[in-house]
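Heads up: the structure comes next, in C-alpha cells.
The values are calculated or read from the model by the stated rules, or taken from the named source; none is laboratory data. All values derive from a computational prediction rather than experimental measurement. Cβ: placed from backbone, ideal geometry, glycine included. Neighbour counts: every protein chain shown.
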Amino acid sequence: MRFHRSFYSIFLFFCIGYSQVYNGYTIFSPVGTGPGSNVGGDTYLIDNQLNIINEWSYTRGAASMPYLLPDSTIFYPYRVQNPSMTAGGTGGGILKMDWEGNILWNYMVADQDYQHHHDIQPLPNGNVLVIAWERKTAAEAFAMGRQTIENSLNEMWSEAILELEPVGTNDANIVWEWHLWDHMVQDVSSAYPNYGVIADHPELFDINFGNVGANQGPGGANADWKHFNAIDYNAELDQIAISARHHHEIYIIDHSTTTAEAAGHEGGNSGKGGDILYRWGNPQVYDRGNASDQQLSGQHGVNWIPEGYPGEGNLIIFNNNYELGDGVIIVNESAIHEIILPMDADGNYTIDTTTAFGPSSPTWTYTGNFHSNVQSGAFRLPNGNTLITVADDHRMFEVTNTGTIVWDYTHPGNNIMIARAQKYSMHYLGGTGPFPNYILGDINFDSAINIIDVYIVMDMLENLDPYMPPADMNGDGSLSSSDWIMIIQAIFSF
C-alpha cells in the first residue's frame, strides 16, 4: 500500500511538472509559393513528437489552410489551374476528402463573376462559407461614385461571401450570400447612390478608400480592392468575422439574415441586415481616426476564441506588420493580438456617434523574432496557449500566455509556405472518426493501456478538455480524477 501511495505522489509530481505544451494533433498544408501554382501538395496531421497521424495528397497546391472535421473528413481550398482573377491568395477550388484520401466532393468557384481566394469556413450544418472576389467593371464602379481605377484592367474586384451546400460529388447550391457591393457609402455627390457623410456610417464601406489593385503583382495586373484573407464563424452568435488586408481592418457581419436581408440594412438577429456590425484596426477608413489610431497592418487570421477556452468570446488576430500607432510599423516584426469585443448586455457591439469602435488596445499581445508578409494565423488552445503559424518561414510554434515557447517546428524545404496551422485535441476524432472501435483506457489508440495513457488523461484534466469516450473509465459521461485512477488500477491489474 505504501508503494502505491508513493507511486501516486511521484506520478502527480511528474504530471504537474511536465511541459506546458497542449497535447494534440496539428494539421497544416505546406505549399509552393506563387498564385495558380501547378505544384501539388500534402496535408499532414502530426502529434507533438512529429509523428504523422495521417497524410492527404493533392495535384494542386493549397490556397489557405485545411479544415479537419470530427467525422475525419477534410476540407481543402486549392489553387485552380486557370483562375478567372489572379492576385495574392488565388484559390478557386474546394475539395472534401475522407480519411483515406478519397475525394467526396470537388467544386470550383472560378468564373467570370466570382473567384474564390484565400480562406473557407466549414459550418456545423455541413455547408461551407467561401470568400470570393466579385468582378465589377470600371463603369459599374464609377456609377456607384468611385472616382479612380488604379489598374489597366479597368475593373474593380469587390468581395462576396457564398454559403455552399455540397450536392453530389461536384455541384453545390448557393443557400446564402452576402455582397460587399450592397453596403457602400460615398461622399462625392448626391447624384450617385448611397450618398452620405462617411463618419456617420461606420456600418458601411467607403467606396473611395484605398487603391483598386495595381498593374503588377504575383499574377500581373489585378483589381483587388479589399483583399479579404480570412473568415471565421461563431455558431452561438450566428456571425461571421472577416479580415481585409489592404484596409487593415477586421469586420463582423450577421449570418442570421436571409439572402434578401443580407443585401439590405434591416433584418436578422441584429436588425441591421448585411451591414457591418463591428470593425476594428484602422478607423481612418471610416473617418473616425488618424494614423495614431491604426492598430493593424496587413493582418490575417482573425477568429473567435471558442467557448470554454481562456479568453472565450474574444477575437485573436495575426497582425503581419506590428503597428505601433502614429504610422510607425516595426519592420520585419509581426504580432498576435487578442481583443475584447465591446458588447452590451443585449449582445450589440457598442459605438457612440463620434469615436471609433473599441477597444483602444488589445488585451494581450505577443511579438518578437517572427515575421511574415503573407497569410499566417493564430489559434487559442484549450489550455490557454496559442498556436502561431509564420507562413513565410513555414514555421509553427506554441506559446503560453506569459510568452514561453513550448513547442516549435519548422517544416523542411525551400520556397514553400504554410498558410495557417490548427491544433485539435487528441480526442477530437475519438470514437466518431477513424478510431470507432476504441479500447476503454487506450487514449492514444496504440492498442495498449499504459502510463502514457495516464499521462494524456492528466494532461486533459489540467487543460480542461471535454469528454472523451476512451478516457471515460467510469462511464459517467465526463472526465474526472477517478478516470485516471481507474486507468492506473487497470495497469496494475495486468
For segment 177-199: of the residues being in contact (Cβ under 8 Å) with a residue 60 or more places away in the chain and of a type in the set (D, E, K, R), which is farthest from Met156 (Cα to Cα)? Glu177
Positions within segment 176-195 being surrounded by 14 or more Cβ atoms within 10 Å (Cβ to Cβ) and in a loop (DSSP other than H, G, I, E, B), in sequence order: His183, Asp187, Tyr192, Asn194
From the set of residues in segment 404-435 that are in a strand (DSSP E or B) and in contact with a Gly (Cβ under 9 Å, 6 or more places away or on another chain), which is modelled with the lowest pLDDT? Ser425
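Quick one: in segment 217-268, which of the residues that are among the polar types (S, T, N, Q) and not in a helix (DSSP H, G or I) is farthest from Val285 (Cα to Cα)? Explain how you work it out, then say what you get.
The initial filter retains those residues of segment 217-268 that are among the polar types (S, T, N, Q), namely 222, 229, 234, 239, 243, 256-259.
Remaining after also requiring not in a helix (DSSP H, G or I): 222, 229, 234, 239, 243, 256-258.
Numbers: Asn222: 22, Asn229: 18, Asn234: 25, Gln239: 22, Ser243: 14, Ser256: 26, Thr257: 25, Thr258: 28 Å.
It comes out as Thr258.
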Check whether at least one residue in segment 148-157 is under 29 Å from the mean Cα position of the chain (by Cα) and over 24 Å from His255 (Cα atoms), and report yes or no. yes
Determine if segment 228-241 includes at least one residue that is within 24 Å of Val197 (Cα to Cα) and either in contact (Cβ under 8 Å) with a residue 60 or more places away in the chain or more than 21 Å from the chain's Cα centre (by Cα) (or both). no
When you check Ser447 against the structure, is it surrounded by fewer than 16 Cβ atoms within 10 Å (Cβ to Cβ), at pLDDT 80 or above and more than 30 Å from the chain's Cα centre (by Cα), yes or no? no
Could you check segment 270-361 for strands (runs of 3 or more DSSP E) lying wholly inside it with 1 or more residues that are touching a helix residue (DSSP H, G or I) at 6+ places or on another chain (Cβ under 6 Å)? 323-325
Taking segment 160-175 and the residues there that are touching a residue at least 24 places away in the same chain (Cβ under 8 Å) and surrounded by fewer than 18 Cβ atoms within 10 Å (Cβ to Cβ), the one that is farthest from Glu266 (Cα to Cα) would be Thr169
Can you tell me which residues in segment 69-95 are assigned to a loop (DSSP other than H, G, I, E, B) and more than 17 Å from Pro30 (Cα to Cα)? Leu69, Pro70, Asp71, Ser72, Thr73, Gln81, Asn82, Pro83, Ser84, Met85, Thr86, Ala87
Restricting the first residue to segment 373-389 and requiring it to be assigned to a loop (DSSP other than H, G, I, E, B), which pairs with a second residue that is surrounded by fewer than 23 Cβ atoms within 10 Å (Cβ to Cβ) and acidic (Asp, Glu) meet a Cβ separation below 8 Å and a spacing of at least six or different chains? Asn373/Asp392; Val374/Asp392; Ser376/Asp392; Asn383/Glu462
